[in-house]
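The values are calculated or read from the model by the stated rules, or taken from the named source; none is laboratory data. All figures in this text were calculated on a predicted structure; none of them were measured in a lab. Cβ coordinates were reconstructed from backbone atoms using ideal geometry, including for glycine residues, and neighbour counts include every protein chain displayed.
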Amino acid sequence: MRAVPLERCEPLREPHAYHGRQSILTRYWAATTKGMVVCGSERLMYAAALLDFDASVQWFSATATQICWQDGSAHGTVEPAFFARTVRGERLVIVHPARDGDEQARSREAEVVAHVADAAGWTVAPLDVPTGIRLQWLRVVSAHRFPDLYDEKIRDVLLPAFSVARPITAGVAAAGLPRTALAHAWHLLWTGDLSFERDRALIPVSLAWAGNAANRVVV
């Protein structure tokens with residue numbers, strides 16, 4: 001498995017709705033890969049959006065493998081949430097949080113993943129599902145991730161207007177652009193050309209300032 005680029009592989013299966021299912025079937029279009037990521041729930045879709053926003057992630061996909069284990073009469077399977085590769089070449093296996101229930105089973109699953117990851121050259125990372133303020137601003141900027149919102153001429157006009165921190169709507173106005181150009185400003189927040197305060201709700205009068213893609217690294 002060391003040589004298999006799992007972050008580029010198709011998922012094992014697409015989830016199918018069944019009677020009583022609580023989660024919502026989703027497919028997320030990733031700006032990072034220019035392709036669809038199959039997500040079985042809104043939680044996974046938000047986690048995918050966070051990976052997509054993170055400039056340190058070069059490629060990622062939904063789970064493309066199932067880890068099967070057996071220890072005597074005990075056996076089971078583990079399916080990671082995502083596989084990813086960073087710009088530094090680090091390969092990540094992103095796993096779901098430990099399930100409630102049998103502590104021994106949780107410990108065994110963690111050992112299995114750690115063992116396989118070590119053999120395959122992966123780094124185990126916990127699934128990061130944004131909530132609260134992080135989810136609010138992520139939903140705003142990810143809604144404007146699409147490349148048709150990129151306009152180099154508008155970008156070149158907007159960035160000087162944000163050489164100092166100012167409300168987003170004020171920056172758009174200072175650039176001499178109509179309010180409809182606000183969508184382009186949101187897109188620059190997604191790309192990292194503009195930075196913003198991530199510990200506050202993101203609204204049209206939130207402060208923004210000129211930044212760079214490094215500001216998109218999720219910490």
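Here are some notes:
- Considering residues of the range 32-53 that are more than 12 Å from the chain's Cα centre (by Cα) and either touching a residue at least 12 places away in the same chain (Cβ under 8 Å) or not assigned by TED's automatic domain parsing to the domain that holds Arg106 (or both) only, the residue surrounded by the fewest Cβ atoms within 10 Å (Cβ to Cβ): Glu42
- 3 or more residues surrounded by 15 or more Cβ atoms within 10 Å (Cβ to Cβ): qualifying strands (runs of 3 or more DSSP E) within the range 54-146: 57-62, 82-86, 91-95
- Scanning the range 176-202 for residues that are surrounded by fewer than 17 Cβ atoms within 10 Å (Cβ to Cβ), free of Cβ contacts under 8 Å to residues at least 24 places away in the same chain and on the phi < 0 side of the Ramachandran plot yields Pro178, Arg179, Thr180, Glu197.
- Pairs with Cβ under 7 Å, 6+ apart, first in the range 128-141 and closer than 18 Å to Leu194 by Cα, second hydroxyl-bearing (Ser, Thr, Tyr) and in a helix (DSSP H, G or I): Leu138/Tyr46
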